[in-house]
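As structure tokens, the structure follows; a few thoughts come after it.
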Amino acid sequence: MKIIRLISRIIIGFVFIFSGFVKSIDPLGSAYKFSDYFQAFHIGFLKLLSLPLAILLFTAEFISGFSVLTGFRQKTGIIGVSLLILFFTPLTLILALTNPVSDCGCFGDAIHLTNWQTFGKNIILLIFILILYLDRESVKSKFGAPREWLITIIVTILFIAFSVYNLTFLPVIDFLPYKTGTNIPEKMKIPNGAPADKYVSTFIYEKSGVRKEFTINNYPANDSSWKFIEQKSTLVKKGYVPSIHDFSIVSMDNTDITDHVLNNPEYTVLMISKKLKEANPGHLKKGFDLGSCCSTTGIDFFVLTASGNDEVKKYQNGLKFCNTDETTLKTIIRSNPGFVLIKNGTIIGKWSWANLPELCILLKKTDRSNESIKNNN
């Protein structure tokens, strides 16, 4: 029994630590997932709570796993993982049955699982947690309650500080497709021979006021008594999807400038603000000042946003504003505003508003080698 309990501790401890850790690397990504769920369940008014709830959740996961694995306040940790699994197991069953959001987000963007895979994972974890829970009274304190609580509190504070750092200065590990060094056009290509989407076509015919659905194999091609109504195509198998498939930049006069940006042999700076009204005015000004500096030195500078024209008009300052899909912008960089430097379609550097270097000065001084920029990233 001791061996089974030890195995259960190791599995539960590592899984919950890993789950909390990868989400703490990308707090905004976890907040976006909460927002998706709130929208799917028609409780969008809770959107403002997305970020604090995300931090609360992944901190609870990490600390519970830490306690179970290390033995510091182990009984408390067992109760913690038990409460989490009891809440999320029925929830993931509902998600699997209804599929309002395709990816559960339980391991952030590090590992993607379907809702059914997540539910199956939770059932397996539930078995190990049940073993720990039934034997929880045998757990003894190793170093005394005061010392263990102190260590646990210190770890909690350090963990939250780590997540705040990632929230402010961009994730220390970029799990998303637009990481530094990525060539965007290459990631948009579909390899030769890659599987395509598969559809099944059905045909709706009507006869004597009764409508019936046929397939390509049995539709009444030679029976004039049937009247054709419509054709429907249903996706039965998803084909290959490149890691970047939704990148486009459209100027405010509806001109697509995507190719111009991706094929520019010189540096281009992209200031990204998914919603201008949601960004701090001071942070926006910092970016606009950079844009003015770039404009005077001949460096292309574009402000990419999903804000509508009426909102953009409030910021008429001579800079080039463009429209890009909001989900794409949130995927490119976890900051509002954030800044991306590209050359020949390759991402050279990424910065949040908090750690934006004197980029304009840097670009003027550099010999325009990628390495020069990377060393200042």
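Computed from the coordinates by the stated procedures, all read-outs in this text should not be read as laboratory data. Predicted, not measured: the structure shown is a model, and the values here were computed from it. Don't worry about glycine lacking a Cβ; one is built from the backbone with ideal geometry, like all the others, and counts go over all protein chains shown.
Would you mind ranking Ser141, Ser352, Ser208 by Cβ crowding within 10 Å, fewest neighbours first? Ascending number of Cβ neighbours within 10 Å: Ser208, Ser141, Ser352. Checked against a 30 Å cut-off, the cross-linked pairs Lys121/Lys212; Lys277/Lys350; Lys212/Lys237 give Cα-Cα distances beyond that limit for Lys121/Lys212.
The calculated FRET efficiency for the pair Lys320 and Ile10, based on their C-beta separation and a Förster distance of 51 Å, comes to about 0.40.
Amide H contacts of Lys274: none lie under 5 Å away among residues 5 or more positions distant or on a separate chain (H built 1.01 Å from N in the peptide plane; Pro and chain starts excluded). Straight-distance candidates among the lysines for linking to Lys207, with alpha-carbon spacing under 17 Å and chain neighbours fewer than 8 residues away dropped: Lys227.
Sorting 19-32, 70-83 by their mean Cβ neighbour count within 10 Å, with the most densely packed peptide first, gives 19-32, 70-83.
One chain, two ends: Ser233 and Leu91. Fully extended at 0.36 nm per residue, the span grows by 47.9 nm beyond their Cα-Cα distance. Label-to-label distance, Ser243 versus His260, with points set 7 angstrom from Cα along the beta-carbon direction: 2.9 nm. Between Lys142 and Ile216, the contour length at 0.36 nm per residue exceeds the alpha carbon distance by 19.6 nm.
For a paramagnetic label modelled at 7 Å from the Cα of Leu134 toward its Cβ, which residues of region 1-39 fall within the zone defined by backbone nitrogen distances under 18 Å? 1-12, by backbone N distance to the label point.
How large is the helix-only mean residue ellipticity at 222 nm for the chain, computed as the sum of -39500 (n - 2.57) over DSSP H runs with n ≥ 4, divided by its residue count, in deg cm²/dmol to the nearest 500? Calculated from helices alone, the mean residue ellipticity at 222 nm is -15000 deg cm²/dmol.
Label point 7 Å out from Lys47 along Cα-to-Cβ: which residues of region 314-339 have amide N under 20 Å? Flagged as within label range: 314, 323-338. The lysines within cross-link reach of Lys2, meaning a Cα-to-Cα straight distance under 23 Å and a gap of 8 or more places when in the same chain, are Lys75, Lys140, Lys142. Pairs from the table (Lys198/Lys275; Lys189/Lys286; Lys23/Lys320; Lys23/Lys314; Lys189/Lys330) lying more than 24 angstrom apart at Cα are Lys198/Lys275; Lys189/Lys286; Lys23/Lys320; Lys23/Lys314.
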